[in-house]
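One structure coming up, written as C-alpha cells, with questions to follow.
The values are calculated or read from the model by the stated rules, or taken from the named source; none is laboratory data. As the structure is a computational prediction, the values presented were derived from the model and not from experiment. With ideal geometry, Cβ positions are generated from the backbone for all residues, glycine too; neighbour counts draw on all protein chains shown.
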C-alpha cells in the first residue's frame, strides 16, 4: 500500500467585506379578503373569549398568587416578521416563541383551500416552451407572454395581475393553439393551488388585560381603522390568520403520547400506586414568574394527591424549566375518564394550568441490549501497548467492565455518582460494547487500538423495577442535568474538582429518548448539546436512534423469501418508506451542532448461518433496516453521515403466510463483534455480535480520534497552524468530508422510491435516508498523487467574508478529464432558544463566481443546494467531464466563507468553522501520465516548499 501523503493546509484566509447580494422577496400566498377574514375569525375569537371566561371562573382561588392566564396560539399562512415587537408592545401579553408550521415529511403543512393558496407568481418568457406542441423555443414562448401582457393579464415583469384569464385574441399563426395555451395556464394554476403552504405559529401568554387588548385590536382592524403605533403588525396577522385558539390538552397531553402511554399503563395497576411523569413548563423570561409557576404546580400536585420527585430544573441558556412528579393511579384514571366524556375540559386543575407546556413519560430504557444467550468467551490476543496519551474522546453511557481484556488500562473512568455500585455482573453491556468499538473498532477487523485513553463517565444505571434491569435514567433524574454536569466536570471542573479530561474534543452519545421522536422543535436535550458544543468547542457524535418495530413487506413469507435480492431490496425499501412517520430520529439527534450518525447495513463479520433468520435488505451499501431517518430541524440533513452498524437480520415468521418480520436480537453473527460483559463475576473475555446506530456512532467517534491524530501530526511534524480551540470543529469537518452517496445505493433508492410526485425534490428524499452518505475515513486521513485535500479553519464575524485561494493544476487547462471536487464547511453556532430558527449563525461556502462559470465547469451531484444550508454542515460534491476553460499558470479558484446572523438581530460572537476542499482526478492505468494533482496544489499553496516528485 502506498503511504498517504499529508493533508494540505490553506494559508490564513484573506478577510474582505461581504459582497452585497440581491435577495428576491418570497412569494406570498393568496389570503382571504377583509370581509371573509371577519367571517372566518369572529367565531374563533368569540370561542376564545368564552373559554377564557370559563377558565377564570373555574380557577378562582385555586391557584394562589397567580392571575388567570391563557396561552394564545395564532397560526398564520406565510410570514409576519418581527411580530414579537407587537406582542411586547401590547399590555397583558408575553411573547413565548414562534415555530415554522411544516411536517418534516412535506414542504408545507397547510392544506390549500379557497381562502389560502399559492398563486402562480409569474409566467416567464420560457413558460410555454415545451408545454405546447409546436412551441419549442424562447422566441415563440415570449410572443405568447407578450400577448398576455397586452391583454392586461401580466405586468411588465410577467407577474399575474388578474385573477381570471381575459378573452384572448391571437394572431393567425397562433390561433390554433388557443385551447392549448389556456390549458397550460389552467394546469399551472391547478398545480400551484394544490401546493401545501408554509406558515408560522405564534405563542403568547395573555392575562385578562391582554385578552381585552387583543379584542380591542381586532375590533379596530374589523372596522378598518388604523392600528396604534408599534402594533401595526397585528394588521398583517389578522389578514393571514388561519386559526386563533388556546394551548390545551391536544398539545400538552395528546401530542406527547402521554394519554396513550397512561392508557397502556393504568389497567393492571392498583389505584394507590404512584405514576411518575415529567412536567415541562413554558419558559417565562421573568425569574419571579418562573418561581410562582413552580409554587403553583407544586400546590396543584398536592391538591391532587401527588408531589414533585425532586427540585425543579431551570436552565436559562436553553430555556428549559421542568420537574419530575407523581400522581396516584386513580387520579390518572379519573383524568382519562373525564377526557373520554369531555375531551376539552377535565375537572382536574393541574391539567388545565396554562403554565404547563407538556406532560411527558419519564424513566424509559434508552438502550436495547437484546438477548445474551449466545455470548461467547475467547482468549484475547496481544492488542497493543497501553495508551499513555490523554483522552481525545469521551463516552457518556452506562458503566463498562473495566477488567475486560479489551478495555483494561485503556479507559480513564470517572464515576462521581458511584453508579458502578448499582450494577450486577452481566449488566455492564452497553457501556462495555461502546467502549470496545471506540477503542478497537470491530474486533473482526485488524487489531488497531487507539493510542490515547478514552474518558468514560457513566450517566445511565440499571432499572431495579424492570424485569431485565435495562439501563435508564431514573425517574427523578433529568437527562439534561446529568449530561450538563458530566460535560462541565469533564472540561471545566465541578465544585472543587478540576477539569477531569480537558483534552477531550469529541463526546460519544449512543443513547436517545424513545419517547421523544423529533416532530417540529428541538428538544431541551438537543438544545443542551448545541449550547455545550458552542460553549466548550466540543463535538458530540449522537446516534440517530434504532427502530425495533416489525417490518410488514405486504407479501407472504413463502413468496418473499424466494425473491431475488434486488426484488427483496425494492419491496423492503417501499415497506420502510411507509413507516417514515414512525421512524423519526430520537432526541437529542436533532441537535444542530452535533453530528448525527446513521447506520449502514454492513460489518466485518464472516460467513454465517441464517437459521430461522432472513436479510430483508440484502445490500450492504444501504442503511440498516433498524436505522431511523430525518429530516432534522428546518428540514436540515439528518443524519449527516452513516457508519457501519452491522447487518441486521429479521426472524422468519412461524407461519408461511405471515407478512411481518421481527428484529433478530440474538448475539450471533452477522453483526459487529465487541467486548461484552459476562454474568460470571471476574470473567473478562466475553464477546458478542451486536448491531444498530449506537455502534455506528461509536465508530464515528473512533474515526474522530484518528482524525485528531492526523491533525496533531500536521501541527507537530509539519508546523501547521491549527489552534487547539478549533480542533473539534475541524474534526467535524473532516468526518463529513469523507461522506458520499454510493452509486448502488442511489440506484436502489431511485428505482424503488422515485415517482412523479417526488421527482423534483428527490435529492431531499435521498438525503432523508442517506444523509450526506457513508464515510470512507481513509480518504480524509491523507492524500494521493491524484487527490489533494486542503483544510482550513478560522473564526468569522457577521457580514465578513473569508477568502481562500485554491490553485489549479495546469494539466487540467482546456482538458476533458473527469474531475471531482468535494467541499465541506462546518461550524458551531450559538443558539437563541426564543427564536424559531434557533441557530444564530448562518455560514456558507461558495465560489466567487458560479460553479459552472469557473474554469473547471463543475456541476452539483448529490445533495440539494438549499437543504445543505439549513444546519451547521454544508457538504457538496461537484463533478464534470466537460472541457475545462483554458487558464494560465496562475489558474485558481477563489472560495468565500460568508457569515450572516440568523436567529438574532446582531451576531456579536466570532463563529468557529472548519473547511475542507478536495480535488481529484482518475488514476491512469494506461500509458498516459497521471496528473500530479497533489503536487500542483501543494506548490501553489506553499511555493517555497514545493519539491518535484
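Being farther than 30 Å from residue 808 by Cα, at pLDDT 75 or above and loosely packed, with under 12 Cβ neighbours inside 10 Å is the filter; apply it to region 1-38 and report the residue that is farthest from the chain's Cα centre (by Cα).
By that ranking, first place goes to 35.
Condition (residue is in contact (Cβ under 8 Å) with a residue 40 or more places away in the chain and part of a helix (DSSP H, G or I)) applied to region 270-293: is it met by at least one residue?
yes
Out of 263, 245, I need the residue that is under 31 Å from the mean Cα position of the chain (by Cα) and under 22 Å from residue 362 (Cα atoms). Which one?
Selected residue: 263, the only one of 263, 245 that is under 31 Å from the mean Cα position of the chain (by Cα) and under 22 Å from residue 362 (Cα atoms).
Also, I was wondering about something else. Can you say whether residue 773 is surrounded by fewer than 19 Cβ atoms within 10 Å (Cβ to Cβ) and within 24 Å of residue 701 (Cβ to Cβ), as far as the supplied structure shows?
no
Go through region 712-746 and report how many residues are farther than 24 Å from residue 863 by Cα and surrounded by 22 or more Cβ atoms within 10 Å (Cβ to Cβ).
2
Are there any pairs with C-beta distances below 8 angstrom linking a residue in region 7-35 that is more than 30 Å from residue 738 (Cβ to Cβ) to a residue that is in a loop (DSSP other than H, G, I, E, B) and at pLDDT below 70, with the two at least 6 apart or on different chains, and if so which?
These pairs meet every condition: 27/121.
Which of the residues that make up region 206-265 are assigned to a loop (DSSP other than H, G, I, E, B) and in contact with a strand residue (DSSP E or B) (Cβ under 7 Å, 6 or more places away or on another chain)?
247, 256, 257
Return a yes/no flag: does region 471-491 have any residue that is over 29 Å from residue 360 (Cα atoms), modelled with pLDDT of 95 or more and not assigned by TED's automatic domain parsing to the domain that holds residue 273.
Scanning region 471-491 turns up at least one residue that is over 29 Å from residue 360 (Cα atoms), modelled with pLDDT of 95 or more and not assigned by TED's automatic domain parsing to the domain that holds residue 273.
From the list 834, 815, 761, exactly one residue is in contact with a strand residue (DSSP E or B) (Cβ under 7 Å, 6 or more places away or on another chain) and either in a strand (DSSP E or B) or touching a residue at least 60 places away in the same chain (Cβ under 8 Å) (or both). Which is it?
834
State yes or no: is residue 637 assigned by TED's automatic domain parsing to the domain that holds residue 728 and either in contact (Cβ under 8 Å) with a residue 24 or more places away in the chain or within 30 Å of residue 256 (Cα to Cα) (or both)?
Yes, satisfied.
Pull up region 502-512, narrow it to residues that are surrounded by 21 or more Cβ atoms within 10 Å (Cβ to Cβ) and in contact with a helix residue (DSSP H, G or I) (Cβ under 8 Å, 6 or more places away or on another chain), then point me to the one that is nearest to residue 725 (Cα to Cα).
505
With assigned to a loop (DSSP other than H, G, I, E, B), surrounded by fewer than 19 Cβ atoms within 10 Å (Cβ to Cβ) and at positive phi as the only criterion, which of 426, 467, 384 stands out?
Only one candidate qualifies: 384.
Return yes or no: is residue 677 closer than 17 Å to residue 434 by Cβ and assigned to a loop (DSSP other than H, G, I, E, B)?
Yes, satisfied.
Return the residues of region 302-326 that are surrounded by 19 or more Cβ atoms within 10 Å (Cβ to Cβ) and part of a helix (DSSP H, G or I); say none if nothing qualifies.
318
Please work out which one of (1) surrounded by fewer than 19 Cβ atoms within 10 Å (Cβ to Cβ); (2) in the same structural domain as residue 698 (by TED's automatic domain parsing) is the condition residue 629 fails and give its number.
Tallying (1) surrounded by fewer than 19 Cβ atoms within 10 Å (Cβ to Cβ); (2) in the same structural domain as residue 698 (by TED's automatic domain parsing), residue 629 fails exactly one: (1).
In the set 484, 492, which member is in contact (Cβ under 8 Å) with a residue 60 or more places away in the chain, surrounded by fewer than 23 Cβ atoms within 10 Å (Cβ to Cβ) and on the phi < 0 side of the Ramachandran plot?
484
Can you spot a residue in region 685-700 that is in a loop (DSSP other than H, G, I, E, B) and more than 18 Å from residue 583 (Cα to Cα)?
Among the residues of region 685-700, at least one is in a loop (DSSP other than H, G, I, E, B) and more than 18 Å from residue 583 (Cα to Cα), which makes the answer yes.
Could I ask something else about it? Suppose we filter 590, 606, 570 for residues that are in the same structural domain as residue 437 (by TED's automatic domain parsing) and within 25 Å of residue 670 (Cα to Cα); which single one remains?
606
When you scan region 845-869, how many residues do you find that are outside any loop (DSSP other than H, G, I, E, B), surrounded by 15 or more Cβ atoms within 10 Å (Cβ to Cβ) and either free of Cβ contacts under 8 Å to residues at least 60 places away in the same chain or not assigned by TED's automatic domain parsing to the domain that holds residue 892 (or both)?
5
Follow-up. Can you find a residue that is free of Cβ contacts under 8 Å to residues at least 24 places away in the same chain and in a helix (DSSP H, G or I) anywhere in region 431-451?
no
Which residues, taken from region 395-407, are crowded, with 24+ Cβ neighbours inside 10 Å and under 19 Å from residue 418 (Cβ atoms)?
395, 397, 398, 399, 400, 401
Residue under question is residue 697, and the condition is that it be out of contact with any helix residue (DSSP H, G or I) (no Cβ under 9 Å at 6 or more places or on another chain) and under 22 Å from residue 510 (Cα atoms); does it hold?
no
For residue 411, indicate whether it is under 16 Å from residue 698 (Cβ atoms) and touching a residue at least 12 places away in the same chain (Cβ under 8 Å).
yes
Quick check, is residue 879 out of contact with any strand residue (DSSP E or B) (no Cβ under 9 Å at 6 or more places or on another chain) and either in contact (Cβ under 8 Å) with a residue 24 or more places away in the chain or closer than 30 Å to residue 835 by Cβ (or both)?
When the stated conditions are applied, residue 879 does not pass them.
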